[in-house]
Amino acid sequence: MSPPAIRTAVPDDLDAVAAPHAEVRATYYRGHVPEADYDGPAERARVRAGWTRALAEKDPEAAVLCAVDDTGLAGIAAYRPVGGGMTLTQFHVAPDRWRRGIGSALHSACVGVWQRAGVGTARLEVYEHNARAQSFYARHGWYPDPHQPRHDTHFVLRFAVPES
């Protein structure tokens, strides 16, 4: 299988973007929160509205990137400036495509954009029971935020963007 192509997502990608988001969230929320909280009709509508806004974003510092492999959209990453810094707001690879380098390629693409934009650090929040994601982020250089290590049920991680 060839490496994924990384491109900026467009509004027509909405259905393809929302699907892996829902699939991935189910893998780490199942058994920890009520199903309606991650896959009920109200939550699906909220997620779809959020992705609609993200895909229509006009801020040049914000983007939704997607990884496309031989079988279609395989992963998504969304980031935007928040409070003077860069925040990785969403990062999902379809579960049937885990361990194929898609997440690493998507992460590298984000880092490349941040380097070109002169971003010094980025932050994200990862669910406390999502050990798979925590391991991925640690392997890619993310570390616990020394000033705010937790936000509710999520760990807060930081990333020092290397200079290009």
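Label sites at Arg44 and Thr121, each approximated as a point 7 angstrom past Cα along Cα to Cβ, lie 4.0 nm apart.
Computing FRET efficiency as 1/(1 + (r/R0)^6) for Asp152 and Asp70, where r is the C-beta to C-beta distance and R0 is 45 Å, gives about 0.75. Cα centroid separation, the range 91-164 to the range 1-44: 17 Å. Calculation over all alpha carbon pairs of the chain in 10 angstrom steps from 0 returns a P(r) of 10, 39, 40, 10, 0 percent. Local charge for Val111 was computed over the other residues whose Cβ lies under 15 Å away, with Lys and Arg +1 and Asp and Glu -1, and equals +2. Spin-label model, Ala16 to Thr87: label points 7 Å out along the Cα-to-beta-carbon direction sit 2.8 nm apart. Annotation note: chymotrypsin sites (Phe, Trp or Tyr not before Pro) in the range 80-164 located in DSSP loop regions with a Cβ neighbour count of at most 16 within 10 Å are Trp98.
Here each label is just a point 7 Å from Cα along the line to Cβ, and for Arg30 and Asp59 those points are 3.4 nm apart.
Where a number appears in this text, it was derived from the coordinates with a stated rule and is not lab data. Bear in mind that the values here come from a model prediction, so they are computed numbers and not experimental data. Glycine also receives a Cβ, built like all others from the backbone with ideal geometry; neighbour counts cover every protein chain displayed.
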